Amino acid sequence: MIDSKKSTSPRGVIVTGGGTGIGRATARAFAEHHDRVLVVGRSEDTLAETARGYPNIHTLSVDITDPDAAESIVSTALNTCERIDVLVNNASIAVPAPLEKIDAATAREQFEVNLCAPILLTRRALDALAETRGTVVNLSSAGSLGRRAWPYFSLYGAGKVAIDFLTRTWAVELAPRGIRVVAVAPGVIDTGMGLRMGSTPAEYAEFLEGMKPRTPLGRVGRPEEIAWWVRQLAEPEAGFATGTIFAVDGGASIV
């Protein structure tokens, strides 16, 4: 039976990497359904843009790899949102490089952001999530599913494979506490990430255009489409889903 009170009461939601792309779209999707949202990111300017026009979106500028970041995020969420029903581990970075050009500092940074930070944040949020019988939604990647290779993105892909494993394992570990854990694995989404990785506008546009014929639906995705799935999986009606990684990639991972 669905808890109708839970489905209509404003929830408390944390979205990391909420200043751009999928994180911004996700924060706004929850806010538009009257939830209270804390968006977390490094740039105060991009976070402010996410919150513009949404009085129920609160912002916290913090580096999620800082030792005190998890404590700061959870404490701020409880102060501003009063509760934590949904944790969206979205923040990630990608630094493409072949193996011979990967240095120790770059490797550490990618794993600290993409893997260690969500581990520590989820651990810190457990008591609050257990109180609301909440949901953790991890953002994975369709590019790391199955038996695919991903040249030049070995560290990024390895981190996402680890996130998938954590999703399945946490789902079993946390089920007795009433916490569900799921993941969404987007395909190529027009988030502007290529520009932030150093591509020129022309190069990024060429990349997106080149991905269209490689996707059965013949196009790339939009951040709002991933946000829709994240929010739906956190709804009470999705309460029997846990431990699953949902690929939302226009069919690219099955051809």
Answer with yes or no whether Thr65 is buried (at least 23 other Cβ atoms within 10 Å of the Cβ) and out of contact with any Phe, Trp or Tyr (no Cβ under 6 Å at 6 or more places or on another chain). no
For residues that are surrounded by 23 or more Cβ atoms within 10 Å (Cβ to Cβ) and either polar (S, T, N, Q) or outside the structural domain of Leu120 (by TED's automatic domain parsing) (or both), tally how many sit in the range 16-58. 3
Name the helices (runs of 4 or more DSSP H) wholly inside the range 188-234 in which the number of residues that are under 17 Å from the mean Cα position of the chain (by Cα) and among the aromatic types (Phe, Trp, Tyr) is 1 or more. 223-233
Restricting the range 240-255 to residues that are part of a loop (DSSP other than H, G, I, E, B) and among the β-branched types (Val, Ile, Thr), which is surrounded by the most Cβ atoms within 10 Å (Cβ to Cβ)? Thr242
The range 137-154, residues that are buried (at least 24 other Cβ atoms within 10 Å of the Cβ) and touching a helix residue (DSSP H, G or I) at 6+ places or on another chain (Cβ under 6 Å): Val137, Ser140, Ser141, Ala142
Residue under question is Gly192, and the condition is that it be touching a residue at least 60 places away in the same chain (Cβ under 8 Å) and over 30 Å from Arg133 (Cα atoms); does it hold? yes
When you check Ile73 against the structure, is it in contact with a helix residue (DSSP H, G or I) (Cβ under 7 Å, 6 or more places away or on another chain), over 21 Å from Trp228 (Cα atoms) and surrounded by 23 or more Cβ atoms within 10 Å (Cβ to Cβ), yes or no? yes
Scanning the range 91-108 residue by residue, those assigned to a loop (DSSP other than H, G, I, E, B) and either surrounded by fewer than 14 Cβ atoms within 10 Å (Cβ to Cβ) or touching a Gly at 6+ places or on another chain (Cβ under 6 Å) (or both) turn out to be Ala91, Pro98, Asp103
Tell me, yes or no, whether the range 4-25 has at least one residue that is part of a helix (DSSP H, G or I), under 23 Å from Asn138 (Cβ atoms) and over 19 Å from the mean Cα position of the chain (by Cα). yes
Which condition does Arg180 not pass, out of (1) at pLDDT 95 or above; (2) surrounded by 20 or more Cβ atoms within 10 Å (Cβ to Cβ); (3) closer than 26 Å to Thr20 by Cβ, if it passes all the others? (3)
Name the residues in the range 203-255 that are of a type in the set (A, V, I, L, M), under 15 Å from Ser141 (Cβ atoms) and modelled with pLDDT of 95 or more, would you? Ile226, Val230, Ile245, Ala247, Val248
Restricting to the range 42-90, name every residue that is touching a Cys at 6+ places or on another chain (Cβ under 8 Å) and outside any loop (DSSP other than H, G, I, E, B). His58
Please verify whether the range 176-185 includes one or more residues that are assigned by TED's automatic domain parsing to the domain that holds Ala94, out of contact with any strand residue (DSSP E or B) (no Cβ under 8 Å at 6 or more places or on another chain) and in contact (Cβ under 8 Å) with a residue 24 or more places away in the chain. yes
So, first residue outside any helix (DSSP H, G or I) in the range 137-162, second residue among the polar types (S, T, N, Q), Cβ within less than 6 Å, six or more apart or across chains; the pairs are Asn138/Asn89; Asn138/Thr167; Leu139/Asn90; Leu145/Ser253
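The values are calculated or read from the model by the stated rules, or taken from the named source; none is laboratory data. Just so you know, these numbers come straight off a predicted model, no measurement behind them. Virtual Cβ from ideal backbone geometry, glycine too; neighbours counted across all protein chains shown.
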